Amino acid sequence: MREMSMNSDRIAGAAEQAEGKAETAAGQLTGDTKLRVEGRADEAAGTFRNATGDLEDAVREATADPQSEVEHLRAEVERLSREPATPRLDAAAEAADRYGQELDRYLDVIRERPLAAVGVAACAGFLIGRLISGNRYVYRI
């Protein structure tokens, strides 16, 4: 795990962000648009300065021990290459092929008997519509 260090840019950025949030809140409460916009600008500047501090920390860590970082990345690549991703992909491809074959078979039946397919679809649509709509019809004898 990496250790979080606080450099001056990160501290100043966090303070500027907090100040900007306070100005934005004050502007919203008082209805002062200028104060609210200035608060958002200060908040954005604080975020940028905080990110600059993060970048400085990352550069400092990377230059402090580049060999251990390379070894860590090499170990991660080796671990990922040992994981069995291929069986999962093969199973997904086989399932897609099966579904494609079933779809082709249904389409062939529809092409051979188009009127029967339309009749079945109409009946299914009617039944589904009746089930969904409930009983709206009143039969009087």
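Do we find that residue 122 is among the hydrophobic types (A, V, I, L, M, F, W, C), out of contact with any His (no Cβ under 6 Å at 6 or more places or on another chain), modelled with pLDDT of 75 or more and at negative phi in this structure?
Working: among the hydrophobic types (A, V, I, L, M, F, W, C): yes; out of contact with any His (no Cβ under 6 Å at 6 or more places or on another chain): yes; modelled with pLDDT of 75 or more: yes; at negative phi: yes.
Yes.
Quick one: would you say residue 89 is out of contact with any helix residue (DSSP H, G or I) (no Cβ under 6 Å at 6 or more places or on another chain), surrounded by 10 or more Cβ atoms within 10 Å (Cβ to Cβ), part of a helix (DSSP H, G or I) and modelled with pLDDT under 85?
On the way: out of contact with any helix residue (DSSP H, G or I) (no Cβ under 6 Å at 6 or more places or on another chain): yes; surrounded by 10 or more Cβ atoms within 10 Å (Cβ to Cβ): yes; part of a helix (DSSP H, G or I): yes; modelled with pLDDT under 85: yes.
The answer is yes for residue 89.
May I ask you to say which residue of 62, 58 is within 24 Å of residue 14 (Cβ to Cβ), within 28 Å of the chain's Cα centre (by Cα) and modelled with pLDDT under 75?
Values: 62 fails: within 28 Å of the chain's Cα centre (by Cα).
None of the other options fit; the residue is 58.
The values are calculated or read from the model by the stated rules, or taken from the named source; none is laboratory data. Worth saying up front: this structure is predicted, and the values here are computed from it rather than measured. Note: ideal-geometry Cβ built from the backbone for every residue, glycine included; neighbour counts use all protein chains shown.
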